[in-house]
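> Take a look at the following structure, please.
The values are calculated or read from the model by the stated rules, or taken from the named source; none is laboratory data. Note that the structure is predicted; figures quoted are calculated from it, not measured. Here the Cβ positions follow ideal geometry from the backbone for every residue, glycine too, while neighbour counts run over all protein chains shown. We work out accessible area using only protein heavy atoms, side chains counted, and drop any ligands, DNA or RNA first. Shrake-Rupley method; radii C 1.70, N 1.55, O 1.52, S 1.80 Å.
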Amino acid sequence: MARPKKLRKVINPPLIKGFRPIGQEPGKDRTPIVLDYDEYEALRLTDYELQNHLQAAVVMQVSRATFTRIYAAARRKVAASLVEGRPIVFRGGSVYFCSEWYLCSRCNCYFNHPDKNIPAITCPLCLSSKVTQCEEETF
Amino acid sequence: MKIAITSTGNTPDATMDSRFGRCMYFVIYDTQTGGTEFIPNPNKEALEGAGPASVQLVASKGVEKVISGEFGSKVKAIFDSLKIQLVILNNPNTTIAQIIEKFTAQKN
């Protein structure tokens with residue numbers, strides 16, 4: 001058996017379960033391409049937030065080389081899905097989810113955000129919106 | 001909505017306990033009824049695993065948020081999977097009554 005993978009840190013799971021191509025092609029292969037959660041996170045950090053591989057690897061708590069491998073696999077799968085017209089589903093991966101921490105400037109309390117379905121971030125104690133995101137190691 | 005607060009004593013004047021797993025008392029405050037329940041912490045003297053055992057205790061009370069001074073690494077992941085929000089207050093001299101007052105002020 002190959003060496004077990006180190007768990008990759010994913011901050012938020014994707015909001016959607018996947019994608020389906022438009023246009024019916026009865027003869028084509030429609031088995032979905034499975035994108036792991038860590039591959040989704042790699043795409044999100046690099047192509048959406050435009051971080052470089054080193055910064056993104058620190059966020060996901062893996063080495064830069066590992067991050068590059070994850071990212072390359074993600075790009076390859078997305079390209080295959082576009083070219084072959086196959087749907088994408090987000091599923092699986094050696095990941096753990098870790099919510100983000102925020103600091104309320106009014107009452108000086110730290111809190112996290114475990115329920116990803118609620119987008120707005122307000123302080124649970126004083127309901128103020130003056131919250132800043134902070135790194136978990138700062139407190 | 002129910003909220004758990006770690007406390008050093010079993011009265012509202014007691015200050016918040018800055019540790020979660022080995023705090024003296026848990027206070028369960030219900031924002032709907034305004035009721036407060038003080039529970040002595042059975043895991044205070046536990047050799048190991050006080051954090052996860054305390055998580056089970058507050059989760060069985062059906063709380064949505066937990067307020068304390070710090071949380072150990074073992075408990076953060078469990079709370080994440082239970083979708084319970086954690087709040088950290090840095091001032092150790094905050095009393096239970098002051099914290100409860102912040103929630104009653106929210107209702108108005």
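> In a Gaussian network model over chain A where Cα atoms closer than 10 Å are linked, find which of A:38, A:29, A:47 has the largest mean-square fluctuation.
Greatest mean-square fluctuation among the candidates belongs to A:29.
> Tilt of helix B:50-60 relative to the longest C-alpha principal axis of chain B, in degrees (0 to 90, nearest 10)?
The angle comes out near 50 degrees.
> Only protein chains counted, 1.4 angstrom probe. Which residues of the stretch B:57-88 are at least 30 Å² less accessible in the assembly than when their chain is isolated?
Residues passing the criterion (a loss of at least 30 Å², heavy atoms only) are B:76, B:80, B:83, B:85, B:86, B:87, B:88.
> Using a simple charge model, +1 on the beta-carbon of Lys and Arg, -1 on the beta-carbon of Asp and Glu, nothing else, what dipole does chain B show about its Cα centre, in debye to the nearest 20?
220
> Using the beta-carbon distance between residue B:97 and residue B:77 and R0 = 30 Å, what value does 1/(1 + (r/R0)^6) give for FRET efficiency, to the nearest 0.05?
For R0 = 30 Å, the calculated efficiency reads 0.40.
> Over chain B, with the other protein chains present, what is the accessible area per residue in square angstrom, probe 1.4 angstrom?
Accessible area per residue, chain B: 48 Å².
> Give the interface area between chains A and B as buried accessible surface, both sides summed, probe 1.4 Å, in Å² to the nearest 100. Mind showing how you got there, number by number?
On the way: alone 9520 and 5980 Å², together 13990 Å².
Using a 1.4 Å probe on protein heavy atoms, the buried area is about 1500 Å².
> Separate question: Which of B:20, B:75, A:89 sits farthest toward the positive end of the charge dipole of the protein assembly as shown, with +1 on the Cβ of Lys and Arg and -1 on the Cβ of Asp and Glu?
Working it through, the farthest residue towards the positive pole turns out to be A:89.
> How far apart, in nm, are the 7 Å Cα→Cβ label points at residue A:82 and residue B:13?
6.9
> Suppose R0 equals 22 Å. What FRET efficiency, 1/(1 + (r/R0)^6) with r the Cβ-Cβ distance, do residue A:97 and residue B:46 give to the nearest 0.05? The partial results should precede the final answer.
Details: r = 28 Å, r/R0 = 1.25.
After rounding, the FRET efficiency stands at 0.20.
> So, with a 1.4 angstrom probe, what is the percent of accessible area on the protein assembly as shown that is carbon and sulfur?
C and S fraction of accessible area: 54 percent.
> A follow-up question, please. Please give the charge dipole size of chain A, origin at the Cα centre, charges +1 on K and R Cβ atoms and -1 on D and E Cβ atoms. Round to the nearest 20 debye.
Dipole size: approximately 400 debye.
> Okay, helix-only estimate at 222 nm for chain B: each DSSP H run of n ≥ 4 adds -39500 (n - 2.57), divide by all residues, round to 500 deg cm²/dmol; what do you get?
Rounded to the nearest 500, the figure is -9000 deg cm²/dmol.
> Write down the accessible area per residue of the stretch A:1-119 in Å², having rolled a 1.4 Å probe over the full set of protein chains.
Ligands and nucleic acids excluded, the result is 63 Å² per residue.
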